[in-house]
Amino acid sequence: MIGSAIIPKPLAKLPWSLIMMVSGIASFGLVVLYSAAGGAMNPWATKQAIVFFMFLALAISMSWLKESTIKSATFPIFAVIVIMLIGVEALGLVKKGAQRWLELGPLRLQPSEFMKPAIVLTLARFYELLPASEIRKWRAIWPALALLGIPAALILVQPDLGTCIMVVLCGITVMFLAGLPLTLFVGSGLALAAAAPIAFSMMHDYQRKRVFIFLDPESDPLGAGYHISQSKIAIGSGGLWGKGFLQGSQSHLDYLPEGHTDFVFATMAEEWGLVGGVLLILAFGMVIRWGMRVSANAKSRFAQLTAAGLSMTIFFYVTINLMMVMGLAPVVGVPLPLVSFGGSAVMTIMICLGILMALERQQRTQSRL
């Protein structure tokens, strides 16, 4: 915190170390987007800056929320988002073959993005209300599976495999941290492995192609494997120190598709090298560590599970994107938060951070009592 002699007391109580770290990541992202456009003033960096500062203001505003307020709003918000997901199926806007958006007047919303933090809050609230003696019983499992399975199924049929995976991982994380038996997760993993052929047969053609390309990207280097092949070339050509700012050839010569969105890390790594990539990952690691520390210091079960779940949401965003652009996972359309162009991921991350800051503020308030 910064002393109140420098800035007003309410602002001095904000976690400025976190805000500065997040702002640093976002600022670096703006530099990468500026370079991805060839060093010209472009709507990517400009729009991204506006979106970031707008949602940063939202996150700071959310930091004044009380834990009791968050708890009381959790189930109603979850229900509203589920209704919105159903609305997407009935009235949603179709774009690029996917039906993921709702148009509400001038607003275009993607309800599945709201579900990432919402499922964490909902399951954390459920396990807080559940008596500790029931945690290893069936009563602790089936309601959580229903709360997780309904939105996941609605998101999967849009189709949006990347967001579905994120929602499921976030939910499973909270269930694991809540103390469910380890055998449940091991058994579920074995069951999923056995059901994998059936799930594969139910995938869309483009999703199956992504799996094949993940296993052997060189089988179609100029077709379906083009993204991964060019991403690897860009990352590898950056070497230790990179080619230098505005010197990336893969992105500037348009060899690298989606170099400002899903594959922005490859654009960055080509110009800033291994050093730039490691520093960016460490910065994200510090943000996640801050969130996990909030969880460790939590006084209530709800705050503990929520803080850990939201921190892991950020972790999954970063990890899935990095694995995707390095060819270690299929391409599922998960962006690198605060760096990739697009407001949806920025919104989700800043909502997570706003709730984390609210929980951290309450911890400090309680410690002074």
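The values are calculated or read from the model by the stated rules, or taken from the named source; none is laboratory data. Computed from a predicted structure; not experimentally measured. Neighbour counts run over all protein chains shown; Cβ positions are idealised from the backbone, glycine included. In case anyone asks, the SASA skips ligands and DNA or RNA and just uses the protein heavy atoms, side chains included. Shrake-Rupley method; radii C 1.70, N 1.55, O 1.52, S 1.80 Å.
Worth pointing out:
Okay, residues lined up against (1) free of Cβ contacts under 8 Å to residues at least 24 places away in the same chain; (2) open to solvent by 20 Å² or more (accessible area, probe 1.4 Å); (3) among the hydroxyl-bearing types (S, T, Y):
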site	(1), (2), (3)
M323	yes, yes, no
V331	no, yes, no
P335	no, yes, no
L338	no, no, no
F341	no, yes, no
A345	no, no, no
L353	no, no, no
Q362	no, yes, no
T365	yes, yes, yes
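- Flag if V287 is over 30 Å from L177 (Cβ atoms), in a helix (DSSP H, G or I) and open to solvent by less than 50 Å² (accessible area, probe 1.4 Å): no
- Within the range 224-242, the only residue that satisfies the criterion of being in a loop (DSSP other than H, G, I, E, B), surrounded by fewer than 19 Cβ atoms within 10 Å (Cβ to Cβ) and out of contact with any Gly (no Cβ under 6 Å at 6 or more places or on another chain) is A224.
- Residues that are open to solvent by 70 Å² or more (accessible area, probe 1.4 Å), in contact (Cβ under 8 Å) with a residue 12 or more places away in the chain and either over 20 Å from V346 (Cα atoms) or not in a helix (DSSP H, G or I) (or both) within the range 66-88 comprise K66, F75, I86, listed in sequence order.
- Leading residue by the ranking (modelled with the highest pLDDT) among those in the range 1-45 that are outside any helix (DSSP H, G or I) and closer than 27 Å to G273 by Cβ: A37
- The single condition among (1) without any contact (Cβ under 8 Å) to a residue 40 or more places away in the chain; (2) in contact with a His (Cβ under 9 Å, 6 or more places away or on another chain) that D262 does not meet is (1).
- Residue in the range 314-329 that is among the small types (G, A, S) and touching a Leu at 6+ places or on another chain (Cβ under 8 Å) present: no
- Residue match in the range 184-201 (condition: modelled with pLDDT of 75 or more and assigned to a loop (DSSP other than H, G, I, E, B)): no
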